[in-house]
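Written below as structure tokens is the structure these notes are about.
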Amino acid sequence: YCIMIFMSVLMIAQEDFSYKLSRRIAMMYANPDSTSLCILFANPGENYDKTAQVGIFDLKSRKLIYQSPMFSHREDGFKVLDKGILISFQQGRQYSLRLIDWNGNEVWKEDGALGFIYKNEVDLGLVLRDTGTGSAVEINGISLRTGDILWSEQVDFDFVRNIRGIRQFSNSTVLLLSDKLYKYGRKNGLLAEHKYKTSPQGANASIVVSDHHAYMTDWKNLTCFDKNLAAVWSVSHPAMARNELIDEGKTLKLINYGYVKSDAKIMPIHHLNKPYIACYDKQSGQQLSLDYM
């Protein structure tokens, strides 16, 4: 059994109190307005506990108002959103997605998903589904808030295998990095795309979004894109391995760490080149400095 102590700093509680729960707490998060807690129940020391559960504790009534069915605890097993908790239950090779609001009610449910990626700020989730053709995957753009399908499109498996991340581009659009750089709209689906050069040694591509522009590193170049993914400028950079692009106001800082990591059991880290930090002017792309480590 586990005892939770909530102090008055949690805003909704005016005095100290305790509440006994039937399971151990692995992690705990406050919702955006600090009226509820999202609690992960999991056995200690088990990173992939198959008996994990998510609960919602209401701080006003001081009651556990929701406790999910058991699921396999993974890094992406649940996410705390503005409107509630997004939980994914694995069913073989597919997933069932559910949004539970802060009152403990199921808002929407999507079964049979091959994968799911989203951006909370744009109220857009991309659900990947098998078409049964063996050559294409369907993307459903859905509203995170309501679960309504906003649009549907088909892509090939190269798209799915190469998904690297999603970024907010505007209030209604996102950038998705996969085999290409894609721009998706909340209402319109695919709006633009750009083919970039991937690194044969496994170096990642980094993206920064700033001032209605996107800046991206690929194998050989640092490129600035406008809102339609048209190149404003593109400059070459020294050979990269694992890298990070940082927005510093009027400049961009490109950090090359000099190595890549893989899933290999033997020698998962490969040193490729000498680490460096390079700085670029955001408006012109001019390289302002280059310091090797």
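Residues of the stretch 119-167 that are more than 15 Å from the chain's Cα centre (by Cα), within 26 Å of His212 (Cα to Cα) and part of a helix (DSSP H, G or I): Phe159 alone.
Kindly establish whether Ser88 is open to solvent by less than 50 Å² (accessible area, probe 1.4 Å), free of Cβ contacts under 8 Å to residues at least 24 places away in the same chain, of a type in the set (Ser, Thr, Tyr) and part of a strand (DSSP E or B). No. The residue list Leu245, Leu288 contains one member that is of a type in the set (A, V, I, L, M, F, W, C) and open to solvent by less than 50 Å² (accessible area, probe 1.4 Å), which is Leu245.
Every condition in (1) farther than 18 Å from Tyr95 by Cβ; (2) surrounded by 19 or more Cβ atoms within 10 Å (Cβ to Cβ) holds for Gly141 except the one numbered (1).
Contact annotation: residue pairs with Cβ atoms under 8 Å, 6 or more positions apart or on different chains, pairing a residue in the stretch 177-204 that is touching a residue at least 40 places away in the same chain (Cβ under 8 Å) with a partner that is crowded, with 16+ Cβ neighbours inside 10 Å and basic (Lys, Arg), are Ala203/Arg242; Asn204/Arg242.
Within the stretch 40-65, residues that are on the phi < 0 side of the Ramachandran plot reach partners that are among the aromatic types (Phe, Trp, Tyr) and in a loop (DSSP other than H, G, I, E, B) with beta carbons closer than 7 Å, at six or more positions or on different chains, in the pairs Ile56/Trp102. The single condition among (1) in contact (Cβ under 8 Å) with a residue 24 or more places away in the chain; (2) over 20 Å from Leu288 (Cβ atoms); (3) not in a strand (DSSP E or B) that Pro238 does not satisfy is (2).
Considering only residues that are in a loop (DSSP other than H, G, I, E, B), exposed (fewer than 15 other Cβ atoms within 10 Å of the Cβ) and in contact (Cβ under 8 Å) with a residue 24 or more places away in the chain, which ones fall in the stretch 269-285?
Hits for the stretch 269-285 are Gln283, Ser284.
Among the residues of the stretch 27-68, the one identified as within 15 Å of Lys83 (Cα to Cα), open to solvent by less than 70 Å² (accessible area, probe 1.4 Å) and of a type in the set (Asp, Glu) is Asp58. Inside the stretch 2-26, residues that are open to solvent by 90 Å² or more (accessible area, probe 1.4 Å) and modelled with pLDDT under 65 make up a count of 5. Return the only residue of Lys79, Lys119, Lys109, Lys63 being closer than 16 Å to Tyr29 by Cα and modelled with pLDDT of 90 or more. Step by step, each of Lys79, Lys119, Lys109, Lys63 is checked, and only Lys63 is closer than 16 Å to Tyr29 by Cα and modelled with pLDDT of 90 or more.
Assessment of the stretch 73-83 against the conditions (touching a helix residue (DSSP H, G or I) at 6+ places or on another chain (Cβ under 8 Å) and open to solvent by less than 60 Å² (accessible area, probe 1.4 Å)) yields at least one matching residue. The residues of the stretch 121-138 that are open to solvent by 10 Å² or more (accessible area, probe 1.4 Å) and either of a type in the set (Lys, Arg) or in contact (Cβ under 8 Å) with a residue 40 or more places away in the chain (or both), listed by number, are Glu121, Asp123, Arg129. Give the stretch 200-222 a look and list any residue that's under 20 Å from Asn162 (Cα atoms), of a type outside the set (A, V, I, L, M, F, W, C) and not in a loop (DSSP other than H, G, I, E, B), or say none. Of everything in the stretch 200-222, those that are under 20 Å from Asn162 (Cα atoms), of a type outside the set (A, V, I, L, M, F, W, C) and not in a loop (DSSP other than H, G, I, E, B) turn out to be Tyr215, Thr217, Asn221.
The values are calculated or read from the model by the stated rules, or taken from the named source; none is laboratory data. Worth saying up front: this structure is predicted, and the values here are computed from it rather than measured. Ideal geometry is used to build each Cβ from the backbone, glycine not excepted, and the neighbour counts take in all protein chains shown. With ligands, DNA and RNA removed, areas are computed over all heavy atoms of the protein, side chains included. Shrake-Rupley method; radii C 1.70, N 1.55, O 1.52, S 1.80 Å.
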